[in-house]
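Worksheet: the structure to be examined is printed underneath.
The values are calculated or read from the model by the stated rules, or taken from the named source; none is laboratory data. Predicted model only: the values in this text are computed from it and were never measured. Positions of Cβ are generated from backbone atoms using ideal geometry, with glycine treated the same way; all protein chains shown enter the neighbour counts.
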2 protein chains.
Amino acid sequence: MADRGQMSIGMNILGLGGHQAAWRVGEVSATAYLDVEYYTNIARISERGTLDAIFLADGPALQENVGANPAGRLEPTILLTAIAVATTHIGVIATCSTTYNDPFNLARRLASLDHVSKGRAAWNIVTNAGDLAAQNFGLTGAPLHVDRYGRADEFLEVATALWDSWEDDAILADARAGRFADPTRVHPIDHDGAQFKVRGPLNLPRSPQGRPVLFQAGSSEGGKTVGARWADAIFTTQTTLEDGRAFYDEMKGRARRFGRNPAALKIMPGLSTVIGSTEAEAQRRCDELDGYLGEDGLLAQIAQRIGLSPDELDPDAELPWHRIGPVESFERGSHGFLEAQLNLARREGLTVRQLSRRIRSGHRLIVGTPEQVADTLEEWFLAGAADGFNIMPDMFPSGAEIFVDHVVPELRRRGVFRHEYRGATLRDHLGLDRPVSRFAEPQLEAVS
Amino acid sequence: MADRGQMSIGMNILGLGGHQAAWRVGEVSATAYLDVEYYTNIARISERGTLDAIFLADGPALQENVGANPAGRLEPTILLTAIAVATTHIGVIATCSTTYNDPFNLARRLASLDHVSKGRAAWNIVTNAGDLAAQNFGLTGAPLHVDRYGRADEFLEVATALWDSWEDDAILADARAGRFADPTRVHPIDHDGAQFKVRGPLNLPRSPQGRPVLFQAGSSEGGKTVGARWADAIFTTQTTLEDGRAFYDEMKGRARRFGRNPAALKIMPGLSTVIGSTEAEAQRRCDELDGYLGEDGLLAQIAQRIGLSPDELDPDAELPWHRIGPVESFERGSHGFLEAQLNLARREGLTVRQLSRRIRSGHRLIVGTPEQVADTLEEWFLAGAADGFNIMPDMFPSGAEIFVDHVVPELRRRGVFRHEYRGATLRDHLGLDRPVSRFAEPQLEAVS
């Protein structure tokens, strides 16, 4: 087996925990998800474990049932700025929509975060499928899938051009002569496309990483195309090793077809964790959390992901396959989560009830000991199904503490995870090169 | 004279200083305006002086001559988040455009900043006159003045409704019963207007101040209407006490006509400062800075504000009044700065050269001792021309240090400025009530 180096690990802070019932346990106050200290605490724990980054999901609409669960969230670029200044090494990944943002403003905000964090910013590119989001932006329903990804592609063209608009050596900073920058190295972008018309340049000099690291999280056809063309890393949802390897190979192939080095596109599946000192302890922790949801709550999670009513599911039968159309035609939610759930059920012939115990947040779930978690991370990594992982602990802060204090040392012992940060930027952690501005002239050594 | 209480003071961090040549002096590196530490240092100095807030101007385009001056800037909501977490009391005021933002996203970002800062966030509402900004957002030129302010007014309707959409007591946080919030106290806003269609509710519970404090900075007719209707405070530009009092009375009257308590609308003119231990020392400091601009640079500032070429100005004559149309028809820049400059020149019969020495950033300028600065602040405050001031020191950090260490003690001695913070929020500092959500039912005691 080729030397696979070391894996990357992101910490996904999803509200009070990846398990929907985390808030019921009362580990922190039910409104802690509105307190910046709650997040900086988890970020510092994660940084103690030399994790690559903190990840925040997002969408511009109130999706949750406010009666039953903590609802709403702090805007990620704001919250991650606060996290970045409270930490020194860990990266910060903000989910922001290409459908409901404007490229000039978003490119500038993310570049500002890259400056403020001194090179630790990343953007997780999403297009937002839901109608509720659309209705906060003058529309009656979400644009069609194809239109959302068409816009995303052009959005990335504009944003990357803006990030390149100041060359790295544009600034002279010659106070004595009164020459601040070389104007020939600050470029209008003059983008004139189907969706956007943007003159540029960006009103902010080039940021420490050249541009923020780009993550992409959509597993639909459109999402995969945008990801393979533009992203540095893909967040994904496969639940079986077989699917994980297939997706990994597919995405590396797609990157190659865009003329890219496939090693520069990192594949990072999500992993939900419920960890205990023993398997029995982990299972008890999971049962306690599940107990708050009850049978109905667990089945509702399955139904919601398919877009059916819970009444349409028989807990003791398989999924109603005849009621489930092709994933490609699904316009009401995430293709990635739907496909991951369907594949798991189909491959293992699970009943709805069995399926509801194998999946919670939508991502692959492991309930087990630190060694078992390390085993599965190592297995996927060495088998070429992942370059890294986005970890979703069941609840915070304990789930993050257990991961950092018990899984990370195990991964270090096995040589698949770093003992210390080697560089200062998120690109350094992920092993990604710093991009050169498209406007930069070839270097002298290349010419001569 | 009625008891005027105490004044409010904001610190306007404009790049490396309010004087265009600040960067030439080399007090900090020419690229310090890209470093978060540069700003947190000034914010902590300002907090030591119990100032009300840090203010950041902004516009979504590269306006500056990059060859000659530090250009571009960090996005204010991001930078002020970093400043807020590095301080404990001082407010943070972000300038954001209603023309080039979307109400749902901006309302949420500002509410997030209010949460993260624990009630210290404010928004300075601007509409952006320039064509360069327009060309970053698909337009060839800025929308007409009347259209920009029409949009601003509706933008505020939407934003304030979103900030009200979660009532204060909506959250139950009953983990035992599994009841997070009372859904009847979380409201869609169902806004359907000429410019915006927004369903709501905001995907974030109500923020500590109810809503961010609203500043408004436009002195045109449209700006004054929006300010009188919506703002908690007005940033303004009058250069003479006479104009200051007239504007103050006009705005309080406008607020009254909107059915508001005029005391709840604070008037805060800008003041550029160049301070020395003696008048001569202050003048030397100013001359040093002016020396970098030279005669041509100083005249260019005057010409630019009128929208003429410097060639069209005779330094030894008055402004070419026949070339200057009515302020109301001026579409190429700020009405407030233009009017302030024209009034100063007209009232005092100044030549262009004299005028260029009396104004720099566009705001009223004082070159003098700490006592003289305290005199003019006290005079305007007691004469009913100002409730507070937005201070623009010539250069940072020294200009902020001198103000805090020498002017603030003088103001305290005179009883017109606080010795310590009395409350936790920016509303507390400014003496503003916390707004009640429009959706809140009348309190029981009011009904019975």
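Scanning the stretch A:162-199 for residues being of a type in the set (S, T, Y) and touching an Asp or Glu at 6+ places or on another chain (Cβ under 6 Å) gives a total of 0.
Only a single criterion out of (1) under 28 Å from B:L411 (Cα atoms); (2) among the aromatic types (F, W, Y); (3) more than 21 Å from the chain's Cα centre (by Cα) is not satisfied by B:W23, namely (1).
So is A:R260 basic (K, R), more than 30 Å from A:Q6 (Cβ to Cβ) and at pLDDT 95 or above or not?
Spelling it out, it is not the case that A:R260 is basic (K, R), more than 30 Å from A:Q6 (Cβ to Cβ) and at pLDDT 95 or above.
Evaluate the following for A:Q20: is it in contact with a Ser or Thr (Cβ under 9 Å, 6 or more places away or on another chain) and in contact (Cβ under 8 Å) with a residue 24 or more places away in the chain? So A:Q20 fits the description; yes. Of all residue pairs spaced 6 or more apart or on separate chains, those with beta-carbon atoms under 9 Å, a first member in the stretch A:129-157 that is at positive phi and a second member that is among the β-branched types (V, I, T) and outside any helix (DSSP H, G or I) are A:G138/B:V198. Scanning the stretch A:152-164 for residues that are surrounded by fewer than 24 Cβ atoms within 10 Å (Cβ to Cβ) and under 12 Å from A:I125 (Cα atoms) yields A:D153, A:L156. Would you check which residues across the stretch B:177-198 are free of Cβ contacts under 8 Å to residues at least 40 places away in the same chain and either of a type in the set (S, T, N, Q) or in contact with a helix residue (DSSP H, G or I) (Cβ under 8 Å, 6 or more places away or on another chain) (or both) and list them? Hits for the stretch B:177-198 are B:G178, B:F180, B:T184, B:I189, B:H191, B:G193. If you take the residues of the stretch A:1-25 that are away from every other protein chain (no Cβ under 14 Å) and charged (D, E, K, R), which of them is farthest from A:F396 (Cα to Cα)? Looking at the filtered set, the residue picked out is A:D3. One residue stands out among those in the stretch B:120-145 that are within 12 Å of chain A (Cβ to nearest Cβ) and of a type in the set (G, A, S): the one that is nearest to A:A82 (Cα to Cα), which is B:A121. Within the stretch A:401-421, the set of residues being within 23 Å of A:L265 (Cα to Cα) and either surrounded by 15 or more Cβ atoms within 10 Å (Cβ to Cβ) or at pLDDT below 95 (or both) comprises A:L411, A:V416, A:F417, A:R418, A:Y421.
The set of residues in the stretch B:26-40 that are at the interface with another protein chain (Cβ under 9 Å from one of its Cβ atoms) and more than 13 Å from A:F180 (Cα to Cα) comprises B:L34, B:D35, B:V36, B:T40. Taking B:E288 as the residue in question, decide whether it is within 30 Å of B:E379 (Cβ to Cβ), within 14 Å of chain A (Cβ to nearest Cβ) and of a type in the set (D, E). When the stated conditions are applied, B:E288 passes them.
Let's see how each residue does on (1) of a type in the set (A, V, I, L, M); (2) part of a strand (DSSP E or B):
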site: B:I302; (1), (2): yes, no
site: B:R305; (1), (2): no, no
site: B:L338; (1), (2): yes, no
site: B:L344; (1), (2): yes, no
site: B:R357; (1), (2): no, no
site: B:V373; (1), (2): yes, no
site: B:A386; (1), (2): yes, no
site: B:F389; (1), (2): no, yes
site: B:M395; (1), (2): yes, no
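The conditions of being assigned to a loop (DSSP other than H, G, I, E, B) and small (G, A, S) are not met by A:G253.
Restricting the first member to the stretch A:318-333 and to residues that are modelled with pLDDT of 80 or more, and the second to residues that are surrounded by fewer than 12 Cβ atoms within 10 Å (Cβ to Cβ) and assigned to a loop (DSSP other than H, G, I, E, B), the beta-carbon pairs closer than 8 Å and six or more apart or on different chains are A:E318/A:G349. I want to confirm something. Restricting to the stretch A:41-86 and keeping residues that are facing chain B (nearest Cβ under 8 Å) and of a type in the set (S, T, Y), which single residue is farthest from A:L214 (Cα to Cα)? My answer is A:T81. Tell me whether the stretch A:239-256 contains one or more residues that are more than 22 Å from A:V327 (Cβ to Cβ) and either of a type in the set (D, E, K, R) or within 18 Å of the chain's Cα centre (by Cα) (or both). Yes, the conditions are met somewhere in the stretch A:239-256. Quick one: in the stretch A:154-175, of everything that is of a type in the set (G, A, S) and facing chain B (nearest Cβ under 9 Å), which residue is farthest from A:A231 (Cα to Cα)? The qualifying residue farthest from A:A231 (Cα to Cα) is A:A175.
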